[in-house]
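Report on the following structure.
The values are calculated or read from the model by the stated rules, or taken from the named source; none is laboratory data. Quantities reported herein were computed from a predicted structural model and do not represent experimental measurements. Cβ coordinates were reconstructed from backbone atoms using ideal geometry, including for glycine residues, and neighbour counts include every protein chain displayed.
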Amino acid sequence: MTLNLERVVASKTLPTVLRYAALTAAAVLAFAIRLFSVVRYEPVIHEFDPYFNYRATRVLVDKGLYEFWNWFDDTSWYPLGRDVGGTVYAGTMYSAALVYWVLQALGFPVDVRYVCVFVSPLWASFTTLTTYAFTNELTEQKDSIAGLFAAVFVAIVPGYISRSSAGGFDNECVAIFALMNTFYLFMKAVNTGALQWALACCLGYLYMVACWGGYIFIINLIPIYVIVMILAGRYSHRIYVAYSTFYILGTLLSMQIRFVGFQAVQSAEHMLAAVVFLALQVYCLGQWIRSIVAEQVYHAFVRYFVIIVGSAFAGLGVLLLATGYIQPWTGRFYTLLDPTYASKHIPIIASVSEHQPTAWSSYFFDLHFLTVLAPLGLYYCFQELTDATLFAILYFVFAVYFSGVMVRLMLVLAPAACAMGAVGTSRLLQSFAVDLKAELAERNWIPWISDMQQASNASPGKKHTAGASSTSSTSGNRGRVTGSSQGNNRASALRLEVSLGILFSALLLGNAYVKHCVWAASEAYSSPSIVLAGQGPSGRFLIDDFREAYYWLGSNAAADAKIASWWDYGYQIAGMGFRTTIVDNNTWNFTHIATVGNMLSRPEKQAYQIARMLDVDYVLVIFGGLIGYGGDDVNKFLWPVRIGGSVDPTLREAQFLTRRGEFRLDEEMAPAMRESLLFKLCYHRYGEISNGYDRARGYRVAHLDVRLELFEEAFTSEHWIVRIYRVKPPSNRGNVAW
């Protein structure tokens, strides 16, 4: 029995079983840790954008693929409407619809809303698996321990949970799996040089393009990697096969996504990939010519060829730019290169909180001890430089930079940090584990590995007995040799203590990491914005004002009523209130949003004229002064002013600030702020139920004697968070003679 156990331990069967068991456990953990929002609240869609994705998935499931692609939504961006099929990354909807259809085929009568809620945790489990595979490629299948560490890290890292908790049905929840899957398949193609892996990478890239606009990161990172490989002298035919296949087929496949179309060959964001592809062909041609001609002839050829071809390409590029064939970089791309660009030129991009630069504290909150282990893994990758580790280095470095520019891109850094942190953890622990095993074996506390292998290879009977005797004798001799020197004993004891100290410290850090991740998942990233939680004298209670207001809209407003609000709430109004909106979170029409911002910033009479021009029936505002909700429209007020002022020069931010340049609502409040429509709609009747103290602002608000003439209060939610006002019709002008 003992011999059979030793054989199992020494064989590869048990480690393989344990490895896959640990990987399965990590995938299950990734799913389970994202269910706090469901347990604490209920299966609801979170935030803002996920409500449009849910609504679009409902159309896809109910009406079919053809109707979905030709869906023109006339209930959004009134009176313009929106061509949804041509302006959406539909990969997220396809993923949810596929799960729904599979469950229906298996006989599970589940509602599509519940499928959308649980897509994020499910795809997080898939990300765990593909991160394991990606990390294994970095070590060329030699260190599966690093892959397991990466799987566990990415399963619970807060930076990824922030966009993949249950109910967070946003594009990123599916796209991170697509991102890591594309990188893994490309690394597999580079390591093997096999065409089938390159084809699989193209399909993975197609899925990524269908899911998220962040595919631009892939189509620029891979060409940079190819350039670095050539400059580092690591070029091989495997690079040529992998990249050429990826660019040609990947570009053709990405053009099948309607939202991308010819942008794949016309926009400036894609030009680097095209230039590198052409340069790679020229480089290969040069290498072939070099192999068949003399060195002097080759150098002369290179000089003339570079001058002629370089001039031709430069002239072609200038011509394409001048004729407008190559489209300029988008505002978001400029923001990644210059973090101050949006605040100077495109305020609507700067107004989004997730587009702000990342604070240092966010790295420690979202990555925890990976902020230390990831640089360690980067060091080990430089120490053992291969084609795969060079790609991982570039991925990590660029992800760190972009995450610093835009807090939203912390999501892209999280898997890279997990992979790098896993490599660092694995190398560090293995080095000390080897020393620990050696010390324990020298003290005869555990058998030597070579002795276990001899025992497992020995046959039963006398041979086994002899082998065992020989093993015991050898072990005894080792014990006598190691005990012969007192100096060696002291060094041995020190090495044992250091190894145990490092391993014990790693255990403590891992425990702290798990606790932090569980806390972040349960407290920071599991609260749906649609349902808030408060703490009162009797304990915890839920604040359901948003759904209360949207239900009122759907039940009381006319079916063709038009609702004006700041663009943040457009998707929720359409998804839960089922009414027409003026603007929403798609933000494709800057002028339309600026008009709404202008309406909220103007005095009541001017705002009424704009509302009538837009054919608005109701105006919805968010106010958190009563319960201390800081995400209301008052705190956002300067952004409607800035955005509206970019279209109307007479609207200036300085008009709404105090003499000292501050935004305040007390006695120093600016007259323009006091007369603005947003202030009146938020604080109408507020003095009747309070002494004027605003819990969100933290001080008493002045000038609460608000009187409305052209707008009338239609609905106020229980905690005054959502307030809806009806736009009064024009006054009756009497009978008209015909």
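A few comments on the model shown:
- Hits in segment 66-82 (condition: under 19 Å from GLY261 (Cβ atoms) and surrounded by 13 or more Cβ atoms within 10 Å (Cβ to Cβ)): PHE68, TRP69, TRP71, ARG82
- Near pairs, Cβ below 7 angstrom, 6+ apart or cross-chain, from segment 563-585 (under 15 Å from ASP545 (Cβ atoms)) to any residue that is in a helix (DSSP H, G or I) and charged (D, E, K, R): MET576/ARG547
- Within segment 633-685, the residues that satisfy the criterion of being modelled with pLDDT of 90 or more and of a type in the set (S, T, N, Q) are ASN635, THR650, GLN655, THR658, SER676.
- Residues in segment 586-615 that are within 23 Å of PHE546 (Cβ to Cβ) and surrounded by 20 or more Cβ atoms within 10 Å (Cβ to Cβ): ILE593, VAL596, GLY597, MET599, LEU600, ALA611.
- Some residue of segment 420-435 being within 16 Å of the chain's Cα centre (by Cα) and buried (at least 18 other Cβ atoms within 10 Å of the Cβ): no
- Only one of the numbered conditions (1) at pLDDT below 90; (2) outside any loop (DSSP other than H, G, I, E, B); (3) touching a helix residue (DSSP H, G or I) at 6+ places or on another chain (Cβ under 8 Å) is not met by SER526, and that is (2).
- Between GLY324, GLY377, GLY315, the distinction of being within 34 Å of the chain's Cα centre (by Cα), under 30 Å from ALA279 (Cβ atoms) and of a type in the set (Gly, Ala, Ser) belongs to GLY324 only.
- Spans of helices (runs of 4 or more DSSP H) in segment 106-163 with at least 2 residues farther than 26 Å from LEU18 by Cβ: 112-138, 158-161
- Any hit, segment 397-407, residues being outside the structural domain of TRP212 (by TED's automatic domain parsing), part of a helix (DSSP H, G or I), crowded, with 19+ Cβ neighbours inside 10 Å and touching a Cys at 6+ places or on another chain (Cβ under 6 Å): no
- Check on ALA21, within 30 Å of PHE149 (Cα to Cα), small (Gly, Ala, Ser) and assigned to a helix (DSSP H, G or I): yes
- Counting the residues of segment 215-263 that are farther than 30 Å from LEU385 by Cβ and in contact (Cβ under 8 Å) with a residue 24 or more places away in the chain gives 8.
- When restricted to residues that are within 22 Å of the chain's Cα centre (by Cα) and either without any contact (Cβ under 8 Å) to a residue 12 or more places away in the chain or surrounded by fewer than 24 Cβ atoms within 10 Å (Cβ to Cβ) (or both), segment 131-146 contains 1.
- Of all the listed residues (PHE177, PHE118, PHE149), the sole one being touching a Phe, Trp or Tyr at 6+ places or on another chain (Cβ under 8 Å) and in contact (Cβ under 8 Å) with a residue 12 or more places away in the chain is PHE177.
- The numbered conditions (1) of a type in the set (Phe, Trp, Tyr); (2) over 32 Å from the mean Cα position of the chain (by Cα); (3) over 30 Å from LEU542 (Cα atoms) are all true for TYR618 except (3).
- Within segment 539-572, tally of residues that are acidic (Asp, Glu) and closer than 16 Å to PHE48 by Cβ: 2
- Conditions (1) surrounded by 15 or more Cβ atoms within 10 Å (Cβ to Cβ); (2) over 30 Å from PRO640 (Cα atoms): number failed by SER351: (2)
- 3 or more residues out of contact with any Ser or Thr (no Cβ under 7 Å at 6 or more places or on another chain) and hydroxyl-bearing (Ser, Thr, Tyr): qualifying helices (runs of 4 or more DSSP H) within segment 281-391: 295-323, 370-383
- Complete set of residues in segment 96-154 that are of a type in the set (Lys, Arg) and more than 30 Å from GLN430 (Cα to Cα): ARG113
Residues are listed down the side, and each one gets a yes or a no for (1) farther than 28 Å from ALA21 by Cβ; (2) crowded, with 24+ Cβ neighbours inside 10 Å; (3) in contact with a helix residue (DSSP H, G or I) (Cβ under 8 Å, 6 or more places away or on another chain):
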| residue | (1), (2), (3) |
| --- | --- |
| GLY167 | yes, yes, yes |
| ALA178 | no, yes, yes |
| LEU221 | yes, no, yes |
| MET229 | yes, no, yes |
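- Helices (runs of 4 or more DSSP H) enclosed by segment 171-267 - at least 1 residues per element that are of a type in the set (D, E, K, R), out of contact with any His (no Cβ under 6 Å at 6 or more places or on another chain) and over 30 Å from GLN287 (Cβ atoms): 171-192
- When ALA30, ALA26, ALA56 are checked against the criterion of being crowded, with 20+ Cβ neighbours inside 10 Å, more than 20 Å from ALA422 (Cβ to Cβ) and not assigned by TED's automatic domain parsing to the domain that holds ASN586, a single residue qualifies: ALA56.
- Residue check, CYS284 assigned by TED's automatic domain parsing to the domain that holds MET187 and at pLDDT 80 or above: yes
- Just one of the listed residues (ASP633, ASP666) is part of a loop (DSSP other than H, G, I, E, B), touching a strand residue (DSSP E or B) at 6+ places or on another chain (Cβ under 7 Å) and without any contact (Cβ under 8 Å) to a residue 40 or more places away in the chain, namely ASP666.
- Complete set of residues in segment 683-727 that are in a strand (DSSP E or B) and surrounded by 18 or more Cβ atoms within 10 Å (Cβ to Cβ): ASP694, PHE711, ALA714, THR716, VAL722, ARG723, ILE724, TYR725, VAL727
- Residue check, ASP648 surrounded by fewer than 23 Cβ atoms within 10 Å (Cβ to Cβ) and touching a strand residue (DSSP E or B) at 6+ places or on another chain (Cβ under 7 Å): no
- Under the condition of being closer than 28 Å to ALA242 by Cβ, of a type in the set (A, V, I, L, M) and surrounded by 13 or more Cβ atoms within 10 Å (Cβ to Cβ), the residues counted in segment 294-330 number 4.
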